[in-house]
Amino acid sequence: MWSWRDRAGAGPALARLVAVAGTGALLTVAAVLVGGRATGQPAPASPSAPAAAAGGWTGSGSVADLLVSISVTPNRPGVNGFTVLVASSRRPEPRPVSGVALRLGSGGEMRLTAVEPGRFVGTGRLERAGAMRATTVVLRGGERLTVPFSWSVAQPPPVSVPPPAAAGTPGSGGGSLVPFLGLAVPPLVGALLLVAVRRLAARRRRGRLDAVPAVPPAPSEPAGPAEPAGPAEPRVLERTR
């Protein structure tokens, strides 16, 4: 049996070996992970990442003494923002502008919101790419002054779908950890074997020490024959007067 003294002596050595082996295994796995990430496929972009905004389109026109400009952002199919600026070339201005409406194609008019004098904003939907016509309606003193615009709506940006990562490759979410475990197990097994060899060597040394015969104690010298006791001397009693 392995005595408690042997266990106490082998405890620090076993702890050091296990620590060294565990550190080596962790470093091996970390190196494989870093190398796989460096050589693997790049991580796909998050689907919630916003795409770069397009430059939009801006046009201008005039009616009477009014200069009218319109901006469309991002000028792609879908919901777009519209900004209309109205300014008079006459000073003083004959009458203030009371409102602006916008008509897209053959649809109905939508009223824009005044955010400051001469600036009106709103949102509308462009159904498809290609040629587009719109009409701004400026309301001033009971008049409806219209300015037509025509432009081309840009094509929607292409949707790029990253190729799926192969299973088991670094960077794929469903990769197996079996290759990494295979790299980490050999150092641990080697450390355990080394501990077993040291325990066996210690047991053999202890067996050899137990096999050495004990030295018997030196025999003591025998005692000589006892001398015979002599005759007892007679005892004289004196009579007291």
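Residues checked against (1) of a type in the set (Lys, Arg); (2) more than 17 Å from GLY78 (Cα to Cα); (3) modelled with pLDDT of 95 or more:
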| site | (1), (2), (3) |
| --- | --- |
| PRO96 | no, yes, no |
| LEU102 | no, no, yes |
| GLY105 | no, no, no |
| ARG111 | yes, yes, yes |
| PRO117 | no, yes, no |
| PHE120 | no, yes, yes |
| GLU127 | no, no, no |
| THR136 | no, yes, yes |
| THR146 | no, yes, yes |
Among the residues of the range 144-158, write down those that are assigned to a strand (DSSP E or B) and surrounded by 15 or more Cβ atoms within 10 Å (Cβ to Cβ). LEU145, VAL147, PHE149, TRP151, VAL153
Within the range 61-88, work out how many residues are without any contact (Cβ under 8 Å) to a residue 60 or more places away in the chain and part of a strand (DSSP E or B). 14
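The values are calculated or read from the model by the stated rules, or taken from the named source; none is laboratory data. Because the structure is a prediction, the values reported are computed rather than measured. Please note: Cβ atoms are built from the backbone with ideal geometry, for glycine as well, and neighbour counts cover all protein chains shown.
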